[in-house]
Amino acid sequence: MAAEAWRGTVAAKRRALLDGSSLHRRLTVDLDGGGRLKVRVPRELWDSLEVGDVVVKSAGHDPVKG
């Protein structure tokens, strides 16, 4: 997945303690080309996004706010 490129709109934001010790931040993204993707993102990006914001991921790079 790290090599893939995509662009989409944030549909949902979720946080969870999946392993009981680490807080994981995940976005559900509606892709521009159709489909839906769930992606784990760093805190700084998660904090900067709201539902409806655009997220862009270039091949080989982490997602960024578009």
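The values are calculated or read from the model by the stated rules, or taken from the named source; none is laboratory data. These numbers were taken from a predicted model, which means no experiment stands behind them. Note that we place each Cβ from the backbone using ideal geometry, even for glycine, and neighbour counts take in every protein chain shown. We work out accessible area using only protein heavy atoms, side chains counted, and drop any ligands, DNA or RNA first. Shrake-Rupley method; radii C 1.70, N 1.55, O 1.52, S 1.80 Å.
Using a 1.4 Å probe, what is the accessible area per residue for the chain, in Å²?
Value for the chain: 66 Å² per residue.
If you place +1 on the Cβ of every Lys and Arg and -1 on the Cβ of every Asp and Glu, how big does the dipole about the Cα centre of the chain come out, in debye to the nearest 20?
Roughly 200 debye for the chain.
Of all the accessible heavy-atom surface of the chain, with the other protein chains kept in place and a 1.4 Å probe, what percent is carbon and sulfur?
48 percent
Between Thr28 and Ser58, how high is the FRET efficiency from 1/(1 + (r/R0)^6) when r is the Cβ-Cβ distance and R₀ = 25 Å? Nearest 0.05.
Result of the calculation: an efficiency of 0.80.
Suppose only helical runs count, i.e. DSSP H with n ≥ 4. What mean residue ellipticity at 222 nm does that imply for the chain under -39500 (n - 2.57) per run, divided by all residues and rounded to the nearest 500 deg cm²/dmol?
-2000 deg cm²/dmol
For Val64, Val39, Val29, write out the residues from largest to smallest accessible area, computed with a 1.4 angstrom probe and no ligands counted. Intermediate values should be presented prior to the final figure.
Working: Val64 80, Val39 25, Val29 0 Å².
So the residues, ranked largest to smallest area, are Val64, Val39, Val29.
Let me understand the chain better: what is its radius of gyration from the alpha carbons, and its Dmax, in angstrom?
Expressed in Å, the Cα Rg and Dmax of the chain come to 11.6, 36.
What is the gain in length, in nm to one decimal, between Arg14 and Glu44 on full extension, counting 0.36 nm per residue of separation less the C-alpha to C-alpha distance?
The span from Arg14 to Glu44 would gain 9.4 nm if fully extended.
Aspartates and glutamates near Lys38 by alpha-carbon distance under 17 Å, same-chain residues fewer than 8 away left out - which ones?
Glu4, Asp30, Asp47, Glu50, Asp53, Asp62
Any chance you could look up the accessible area of Asp47 with a 1.4 Å probe, heavy atoms only, rounded to 10 Å²?
Ignoring ligands and nucleic acids, Asp47 comes out at about 90 Å².
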